[in-house]
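In what follows, a single structure is set out as C-alpha cells and then discussed.
The values are calculated or read from the model by the stated rules, or taken from the named source; none is laboratory data. The model shown is predicted, which means the values in this text are computed figures rather than measured ones. So basically every Cβ, Gly included, is an ideal-geometry build from the backbone, and we count neighbours across all protein chains shown. We work out accessible area using only protein heavy atoms, side chains counted, and drop any ligands, DNA or RNA first. Shrake-Rupley method; radii C 1.70, N 1.55, O 1.52, S 1.80 Å.
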Amino acid sequence: MIKNHKHSKSKEESGSIPSNGKEKQENLTQKDKYKLRAKNLLKQRKELPIYSAKDAIVKSIEKNKTVVVIGETGSGKTTQIPQFLLESGMVRNFGSAIAVTQPRRVAATSISKRVADEVGTKLGVKVGYGIRFDDCSSKYTKIKYLTDGMLLREVLSDPLLLKYKVVILDEAHERTLRTDILFGMLKDIQKKREELYHQQKAKRKSNKKKEFEYNQNLEEHSKKKPKVHTFFGENTELNNKESINVNGKHKTEDNDISKNGDISEKSKDLVETTEKDVEELKIIIMSATLDAEKFSKYFNDAPVLYISGRQFPVKIFYTNEPQSDYLDSAHITVMQIHLETNPNSGDILVFLSGQEEIESLEKLISESNNQIAPNSSSGTLIPAPIYAALPQHQQNKVFEKTPQNSRKVVLATNIAETSITIPGIRYVVDTGVHKVRGFDPRIGVESLLVNPISKSSSRQRSGRAGRMESGVCYRLYTEGDYDKLEEDDEPEIKRRQLTSVILTLKAAGIDDVLGFDYMDIPSKPAMKNALLELYSLEALDENGNLCELGRWMAEFPLDPIYSKVLYESQKYKCTSEALDLVAALSVETLFYNPINSRDQAAAAHKQFMSIDGDHWTVINLLRAYNEYRDNSTKVVIFDQVEEQDLVGTPENGNISKKSNENHRNEELDDQNSTKRHKKDNVTKNSQQKMEYWCHKHFVNYRNLTHVIKVRQQITKLCLRLGINPDVSCGDQTDDVLICLLSGFFYKCAMLQPDGTYRSLSGSQTVHIHPASSMFRKKAAAIVYDQLVFTNKLYAKGVSAIQPGWLSIAAPRLYGQKLI
Ligand code: CDP
Ligand code: MG
C-alpha cells in the first residue's frame, strides 16, 4: 500500500480527517476510504508541474490526433495525463478506454496502483493493469496500464483496438522493440479507424437523408391515398411497411424488401450503421528526453508539448580511479553517505545491473547494519529492492515512508531511471552499468551483457537526486570514462532477435514484414534469421505465410521456441515436464549460491542433480518441492489468482458476475475482509514453510514463487487451448530432451576433438559454464538455454543430447544429414 510521502502534509493538515481520525476511519465503508485517500492525494497531484498545464494538454489532444509530450521524469506525465483525459470526458462512452503502455511490468503494476488511489477506486475496476500472465482489469476499466508486449497481444484479438479511444505509448525514449513495433501498428490502425469513422459518418448522413425522404414520401403518399384502416382482409402495402423494422430503428421503403423478404442493398446500408460506432484513435507519445523531433516527424509532424519540470541542482562526484569491483564500491559509498549525513536528510538510490547484484548488495547492507551501534545517531538503513521479477507484494516497500530514525536505500535496476519515481531520494549512487540484451544474427547468438550506460541514462540517474531539493550523485566511474560514453542507447530493434515480433506481425495480418513502416529499419540479416527460424519451427510455410501451427504459437505469450516445445509435448507425452522447463526459464536461476557458503550450497543442490544435465536438474528440484508441499500441508502455497478473486479482481479480464458493478465491487471488499484475513493467515503460514524449504536447500525463494506462478498461468492457457497439462512421461529423459530440441534446435553445440564445443548456428567455440551440472563432463552434443560472453563464450543451462535427435526434432533445418 502506498503510504504518506515525505513531501505530503499530515492528514490532519489536509483537513479531511478529524483529529480522532483513526477512530472515525474505522467506521468508514471501503468506498469512503477510497474517496478519502483520493482526496488526500489530490493535494500532491496539484503540486506537480504538469497540473498547471492540464487544460492546454487536454485541448491539444482534443484538437490533434497524435501528440508528442516531453517532460522531465517525475513531472507527472504517466500518472496525470490519463486522469486529465478521463476527467475531460473523452472516454465517457461505454467500452471506450485509455491504454498506457510501459516497457516494464513493475512500472505497469505500481503506477496503476498509485493512479487507482488517486482516482479513488479499487485497482482492477476503473483503473487496471495488464502484464503477462496477470490481467487486473474489467470491462469498466477506463485507464489501463499495460506492458507494450501486452498491447501487441491485444492487437491480435482486436485488430483495430476498438476498445481504446486513446493509446499512450509511454517511455518512448527507451525505444524498446515492442514499442517500436507498436509505433508502426498504431499509425496504421489510426489511419484505418479514421477511414472507417468517415465511412460511418457518411453513411449515417445518407441514412438520415434517406429517412427524411422516406418520411416525406410517406406523408405525400398518405395525403394522396387516405390511410386505409382495414378491419377485414389485408392491405399488403401497409402490412409490408409496418412489419419491417430494421433493428427497431428505421422503417424501410417498400421497394427495399424483395419478394422473399431479403433486405435489398439500399436498406443494408441502413443496417450497417447500427454496428458499433468506430471512434477516431488518439495517439500520445510520451518521452522523458528531448528527442521529440524524430517521433513528431514519424507521426506526420505531430505537435510537441513540453512540460517544464522542477529540478534542483545536483552535485556530481566521480571516482578518481576506475573501480574494479563496483558492487563493493557501491556498498562503501552507501555506508559513507549513511554514516556521514543525517538520516532525515533524504533516502539513497543505487543503480545496479540486475537481480543478482541487488540481492548481494541487500545482504551486504544488512550485515553492515548489524554493526551499527543501536543507539547511533545514524539510525538503521532499510534496503528496498526493485527490479522486474520482484513479486508484486514486495514492490511497495520502495514507496513506503521511512520510519523515524532510519533511512531507506533503494536498490534498483534502470527501472528507477525514468519509469518510476520514488519520492524522498536525495542521494544517488550510479554504478554506470546496465544489462543489455543483444543478438548477433551472423552467429545466431543472443546475449545478456552488463554494459556501460549511455550519457543520457547517466544524466537521468543523477537527476533522480534533485527532485525534492538539491541532491548529490556519486558516479562510480571517472570523468574520463563518462566522456567516452555513447550519447544514447541504440534502439532495441537494431540489436535484438526478431523472431517473436515477426511472428506477432504475421499473426496480426502484416505479411510484408520487410515493408513494414519501421521508425528505424532492422538489419536484413536479423530479419532473415527470424524468418528462417520461424520456418524451421514450422510456424511459416515455404512462402513465408503463417501456418496453423504458427497461429497456435502466437496465442501463447511466450517466445515461439517455448510454445513450440509445449505443442510438441503432446506428441512426447511430457507436457508436465515441458511446463516445468518453460516456467523455470522465466527466471535466471532457481539456485541460490551465496559467495561465502558455496560448499554448503553445492552439497544441498547435489540431491537435485541429474546426470542428463541442467534441465532434468530443474525438473527434479520442482518435483522435490511439490512433494514437500503435498506432504507438509494441504493448503494453497502460492496462488495469487485465488487471492485476487477474494478481493473481486477479475480473472481473464472479465469481472466476476458477483462484482459486476463498481460500487457493488467495493462493497464486496468489506464482506470479504474476514475471509481474506483467514486466507492471509493461511498464505503467511504456507509462505513461511516455502521459505524454510528454500533456505534449507539453497533455492532462491523469490524466483521459485515466480516460477510457480508462471507455471500456473501457462497451465491455464494450455487447458484453454486443449492441452492436458498433467500428462507426464515419468522418467523418460530422452523424450523430454527431444521435445525440448523441437524448439531449441538452434541452441546446440557439438563436441570437438579438442574437448570444446562448436555451436551449430554460427560455428562458435563454446564452453560449458562452471555453474552447470555438465561442467567437466563430455557429451557428443549439448543443448543449452543461453550463451553468455564473459572472458569466453559460455553455455548456461546445459543438457547432454544425441546428435541423431536433431533431425527428428527439427527436420526442416537438419533434415537427414545428421543421422
Ligand atoms: O511520468 P513522469 O515521470 O512524468 O511522472 P509520474 O510517474 O506521473 O510521477 C508523478 C509523481 O507521482 C512523482 O513525483 C512521484 O513522486 C509520484 N508517485 C508516487 O508517489 N508513487 C507512485 N507509485 C508513483 C508516482
Ligand atoms: Mg513516466
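Side notes on the structure shown:
- Between Leu152, Leu156, the distinction of being surrounded by fewer than 19 Cβ atoms within 10 Å (Cβ to Cβ), farther than 28 Å from Pro49 by Cα and either hydrophobic (A, V, I, L, M, F, W, C) or not assigned by the TED database to the domain that holds Gln395 (or both) belongs to Leu156 only.
- Odd one out for Ala108 among (1) surrounded by 23 or more Cβ atoms within 10 Å (Cβ to Cβ); (2) assigned to a helix (DSSP H, G or I); (3) within 11 Å of ligand 1 (Cβ to nearest atom): (3)
- Verdict on Leu813 being in contact with a strand residue (DSSP E or B) (Cβ under 9 Å, 6 or more places away or on another chain) and either touching a residue at least 40 places away in the same chain (Cβ under 8 Å) or assigned to a helix (DSSP H, G or I) (or both): no
- Test: residue in segment 445-468 that is more than 16 Å from ligand 1 (Cβ to nearest atom), in a helix (DSSP H, G or I) and open to solvent by less than 10 Å² (accessible area, probe 1.4 Å): yes
- Listed by position, the helices (runs of 4 or more DSSP H) enclosed by segment 21-99 that each have at least 1 residues that are within 16 Å of ligand 2 (Cβ to nearest atom) are 30-47, 54-63, 77-88.
- Check on Ile708, open to solvent by less than 50 Å² (accessible area, probe 1.4 Å) and over 24 Å from Asn593 (Cβ atoms): no
- Failed criterion for Ile386 (all others in (1) touching a strand residue (DSSP E or B) at 6+ places or on another chain (Cβ under 8 Å); (2) over 22 Å from Gln460 (Cα atoms); (3) open to solvent by less than 40 Å² (accessible area, probe 1.4 Å) hold): (2)
- Check on Thr78, closer than 27 Å to Ile181 by Cβ and within 13 Å of ligand 1 (Cβ to nearest atom): yes
- Criterion: closer than 28 Å to Leu390 by Cβ, touching an Asp or Glu at 6+ places or on another chain (Cβ under 8 Å) and not assigned by the TED database to the domain that holds Ala388 - qualifying residue of Ile619, Ile595: Ile619
- In segment 101-137, the qualifying residues are those that are over 9 Å from the mean Cα position of the chain (by Cα), closer than 16 Å to Ile420 by Cβ and of a type in the set (Gly, Ala, Ser), and the one that is farthest from ligand 2 (Cβ to nearest atom) is Ala116.
- Hey, Asp325 more than 30 Å from Tyr518 (Cβ to Cβ) and without any contact (Cβ under 8 Å) to a residue 12 or more places away in the chain or not: yes
- Contacts under 8 angstrom Cβ, first residue in segment 98-116 being without any contact (Cβ under 8 Å) to a residue 60 or more places away in the chain, partner polar (S, T, N, Q) and within 11 Å of ligand 2 (Cβ to nearest atom), 6 or more apart: Ala108/Gln102; Val115/Thr79
- Figure legend. Inter-residue proximity from segment 403-421: first residues over 11 Å from Val350 (Cα atoms) and within 16 Å of ligand 1 (Cβ to nearest atom), second residues in a loop (DSSP other than H, G, I, E, B) and among the hydrophobic types (A, V, I, L, M, F, W, C), beta-carbon distance below 7 Å, spacing 6+ or different chains. Indicated pairs: Ile415/Ala388; Thr418/Ala288.
- Matching residues, segment 409-425, being away from ligand 2 (no atom under 15 Å from the Cβ) and open to solvent by 10 Å² or more (accessible area, probe 1.4 Å): Thr413
- Residue selection: Asp483 satisfies the criterion of being open to solvent by 20 Å² or more (accessible area, probe 1.4 Å), free of Cβ contacts under 8 Å to residues at least 12 places away in the same chain and out of contact with any helix residue (DSSP H, G or I) (no Cβ under 6 Å at 6 or more places or on another chain).
- Scanning segment 563-613 for residues that are of a type in the set (S, T, N, Q) and not in a loop (DSSP other than H, G, I, E, B) returns Ser563, Ser569, Gln570, Thr575, Ser576, Asn596, Ser597, Gln600.
- In the set Gly797, Gly730, only one residue is surrounded by fewer than 17 Cβ atoms within 10 Å (Cβ to Cβ) and either touching a strand residue (DSSP E or B) at 6+ places or on another chain (Cβ under 6 Å) or not in a helix (DSSP H, G or I) (or both); that residue is Gly730.
- Scope segment 111-166; condition within 16 Å of ligand 1 (Cβ to nearest atom) and part of a helix (DSSP H, G or I); matching residues: Ile111, Ser112, Lys113, Arg114, Val115, Ala116, Asp117, Glu118, Val119, Asp148
- Strands (runs of 3 or more DSSP E) fully within segment 285-357 counting 2 or more residues that are at pLDDT 95 or above, in contact with a Leu (Cβ under 9 Å, 6 or more places away or on another chain) and buried (at least 20 other Cβ atoms within 10 Å of the Cβ): 347-351
- Residue match in segment 748-768 (condition: open to solvent by less than 20 Å² (accessible area, probe 1.4 Å), touching a residue at least 24 places away in the same chain (Cβ under 8 Å) and under 22 Å from Gln732 (Cβ atoms)): yes
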